[in-house]
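Taking it in order: structure first as structure tokens, then the write-up.
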Amino acid sequence: MVDIANEIKQQVQERRPLTLAMILTNRWFLYGVSMLAFFLAWDMAAVARVFSSGLPRPYEVVLQLWRMMFDPLAGKSLLGHIWASTQRILIGFTIASLVAVPLGLMMALNRYVNAIVKPLFDLLKPMPPLAWISIAILWFGIGETSKVFIIIIGTFVPCLLDAYNGVRLVEPELYDVIRMLGGNRRHEIIQVCFPAAFPAIFAGLQIALSIAWSCVLAAELVSARSGLGFIIILGMNLSRPAMVVGGMVVIALVAWTMSQLVSGLERFVCPWKREIDSR
Amino acid sequence: MREERHPGQAKIECKDITKVFIQKGKQRVHVLDHISLDVKENEFVVILGPGQSGKSTLLRIIAGLETPTEGHVRIDGQEVEGPGPERGLVFQGYMLFAWKTVLGNVEMGPKLRGVPKKERREIAAHYIHLVGLDGFENHYPHQLSGGMKQRVGIARAYANNPQVMLLDEPFGQLDAQTRYFMEKETARIWETEKRTILFVTNNIDEAIYLADRIVTMEGKLPGRMHVVYRVDLPRPREHTDMAFLKLRHEITEASELTL
């Protein structure tokens, strides 16, 4: 133990007296300054009518959101509309990831699967998911199915690609380790391929999630009677900018929350990454 | 001190090993040329050679990760036909499982061979103790320094109780100070639990400090065995010992001719 003591890395936390310079350079203080500056600039721009009546003041947006909590729009309160969008994303995202991630892993592990799926995938990959909206409405009507379909189309690509690349980029010598320790092909896949690909899979899920929000919005803007996209388009039609901006703010909040949930899931599944991230 | 092949029962027997890699379908790279080498049971043999002398390829062939173009390798008279747990390999780049703790890495061999959990925990604890990592069982590899990582690598290879240990420039990525510590530790571990060891390095001091026998390789491809030295210095050895320095001088002189 004595001779490895010199190898142990220690992180020393120094205690220093509080000075003005420390407060001014403190991370949280700077966060606060930047947020405050943003909202002040916004409020001043709204009061000065830079965009004539198109920009509401921040407090008007909060007020509008508060009102929508209790006064239903098209039969749904604000929470109902949030749930409508979230539900579409959850269904589409779940279906896409449950199919695309295993398919991506199989493409990386089996060259026959790869040879069959890759050309189809390469053909469809460059097509923007929003290009499918019209055909989706023609096929499935303006109901839920067409919106979920768009989300599946949009999230399928990053889920599959990152799972595929995650396995392809595994250090090949790790397979040698498994073989030398007495393992077989099955052990290589379970003990090396999957865990090594987890971080890449989660990166793909994060990208897919943000694409899913774009997709659901676009679909709701085109045709919907519920959802956050519907609130935005309704606000535009009614010339109520507070409603439009309110919808945008709520989308940001909900999307952020979902992305945090996926990060939390990643920390649970990949505990070895926790300390790497927090540095 | 020069010596020819010695008779008797060999633990590792390499006979006329030649390896030719074929690159891009056409170009042939002749890496090893008729290497014959016998290693006795519990002998510590170091293969010493500069980079690109084919020494790592030789080790990978003995490990079973490469097949020789000609010749064969026998362990206890059994021909090597692929990688297997009766040989423990320690990698230059550590090659730990980043998603496993120290304990998880060390117990991987027994786990793959189906040893019950309780038993393999005991095995892992034993070898973690042997390499001096008590208290680090639940650390992940990225929390360890280079020297500690390679201790895990050594413990992981030992945990399968292999008859032969193969070490491929295990300390090549360490700084000089840590490397020196690890050489001492390697000698200590080997004296505690004797195994037949084949150790590849490009460092003369490391070779003399550890080896019963040193096999030098010529410094160009195709790799050929150059000279075999027997190291009869008492252990533990001192780098400043006169006999140590004399042997070091002798090997350096002989090597320079071929470089």
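Can you give the helix-only mean residue ellipticity at 222 nm for chain B, where every DSSP H stretch with n ≥ 4 adds -39500 (n - 2.57) and the sum goes over all residues, rounded to the nearest 500 deg cm²/dmol? Only helices count here, giving -10000 deg cm²/dmol. When A and B come together, around 2900 square angstrom of accessible surface is lost from both chains combined, probe 1.4 Å. For segment A:65-269, the relative contact order comes to 25 percent (Cα pairs under 8 Å, sequence separation of at least 6). Spin-label pair B:Q27-A:L63: with each label point 7 Å from Cα along the Cα-Cβ axis, the two points sit 7.5 nm from one another. Okay, which of segment B:32-67 sit inside 18 Å, backbone N to the point 7 Å along the Cα-Cβ direction of B:T252? Flagged as within label range: B:48-51. Computed over protein heavy atoms with a 1.4 Å probe, the carbon and sulfur contribution to the accessible area of chain A reaches 68%. Taking amide hydrogens as placed 1.01 Å from N in the peptide plane, the amide H of A:A74 sits under 5 Å from that of no residue at least 5 positions away in sequence or on another chain.
Rounded to 0.05, the FRET efficiency of the A:L261 and A:M35 pair, given R0 = 25 Å and the Cβ-Cβ distance, is 0.60.
Against chain B, whose longest principal axis is taken from its Cα atoms, helix B:117-130 shows a tilt of about 60°. Remark on the protein assembly as shown: Rg and Dmax equal 32.0, 99 Å (Cα only). Dipole magnitude for segment A:62-156: about 120 debye, using +1 per Lys or Arg Cβ and -1 per Asp or Glu Cβ, origin at the Cα centre. For a modelled paramagnetic label at B:Q173, 7 Å from Cα along Cα-to-Cβ, the residues of segment B:75-117 in reach, with backbone nitrogen under 12 Å, are B:91-98.
The distance from the alpha carbon centre of segment B:142-171 to that of segment A:28-95 is 56 Å, rounded to a whole number.
In the elastic network of chain A, a GNM with C-alpha springs shorter than 10 Å, the most mobile of A:R27, A:R168, A:R49 is A:R27. Short to long, the 5 Å bins of the Cα pair-distance histogram for segment A:47-98 hold 4, 17, 14, 14, 14, 13, 12, 6, 3, 1, 0 percent of all pairs. Here chain A is assigned +1 on the Cβ of each Lys and Arg and -1 on the Cβ of each Asp and Glu. Its dipole about the Cα centre then comes out at about 380 debye.
Taking Cα centre as origin and charging only the Cβ of basic (Lys, Arg, +1) and acidic (Asp, Glu, -1) residues, the dipole magnitude of segment B:93-161 rounds to 220 debye.
Helix B:176-192 and the longest principal axis of the C-alpha atoms of chain B enclose an angle of approximately 80°. Note on chain A: dipole from Cβ charges, positive end direction compared against A:V244, A:F198, A:S214; the farthest Cα belongs to A:V244. For chain A, hydrophobic long helices are taken as DSSP H runs at least 20 Å long by C-alpha position along their axis with mean Kyte-Doolittle hydropathy of 1.0 or more; these are A:27-47, A:78-109, A:194-222, A:241-269. Shown is the FRET efficiency for A:W139 and A:N184, computed with R0 = 56 Å from the Cβ-Cβ distance and rounded to the nearest 0.05: 0.75. Among the trypsin sites (Lys or Arg not before Pro) within segment B:171-249, those in coil by DSSP and having at most 14 neighbouring Cβ atoms inside 10 Å are B:K194, B:K220.
Rg over Rh for segment B:1-125 works out to 1.03, both radii taken from alpha-carbon positions and Rh defined as the Kirkwood radius. Per-residue ellipticity at 222 nm from helix content only, as computed over chain A with -39500 (n - 2.57) for each DSSP H run of at least four residues, stands at -24000 deg cm²/dmol. In this structure, the pairs whose alpha-carbon distance is over 31 Å, taken from B:K55/B:K118; B:K15/B:K117; B:K26/B:K55, are B:K55/B:K118; B:K15/B:K117.
In segment B:126-253, inverting the average of 1/r over every pair of distinct C-alpha atoms gives 15.9 Å as the Kirkwood radius. Counted over all Cα-Cα pairs of chain A, pairs farther apart than 23 Å make up 67 percent. Label-to-label distance for A:N165 and A:D122 is 1.7 nm, based on points extended 7 Å past Cα in the beta-carbon direction.
Compared with the alpha-carbon gap, the fully stretched path from B:T192 to B:L221 is longer by 6.7 nm at 0.36 nm per residue. Once the C-beta distance of A:D43 and A:M248 is scaled by a Förster radius of 22 Å, the resulting FRET efficiency is 0.85 to the nearest 0.05.
In segment A:65-269, a dipole from Cβ-located charges (positive for Lys and Arg, negative for Asp and Glu) runs towards its positive end, and of A:A255, A:A108, A:G143 it is A:G143 whose Cα lies farthest in that direction. The share of alpha-carbon pairs in chain B lying farther apart than 35 Å comes to 15%. Toward the positive end of the charge dipole of chain B, with +1 on the Cβ of Lys and Arg and -1 on the Cβ of Asp and Glu, the farthest Cα among B:V231, B:Y209, B:L103 is that of B:L103.
Per-residue 3J(HN,Hα) values for segment B:166-174, derived from phi via the Karplus relation 6.51 cos²θ - 1.76 cosθ + 1.60 with θ = phi - 60°, read 10, 10, 9, 6, x, 10, x, 9, 8 Hz in sequence order (x marks Gly and Pro). Amide H contacts of B:V227: B:T216, each under 5 Å away and 5 or more positions distant or on a separate chain (H built 1.01 Å from N in the peptide plane; Pro and chain starts excluded).
The values are calculated or read from the model by the stated rules, or taken from the named source; none is laboratory data. Predicted model only: the values in this text are computed from it and were never measured. Glycine gets a Cβ as well: all are built from the backbone with ideal geometry, and neighbour counts include every protein chain shown. SASA here: full protein model, heavy atoms, side chains in, ligands and nucleic acids out. Shrake-Rupley method; radii C 1.70, N 1.55, O 1.52, S 1.80 Å.
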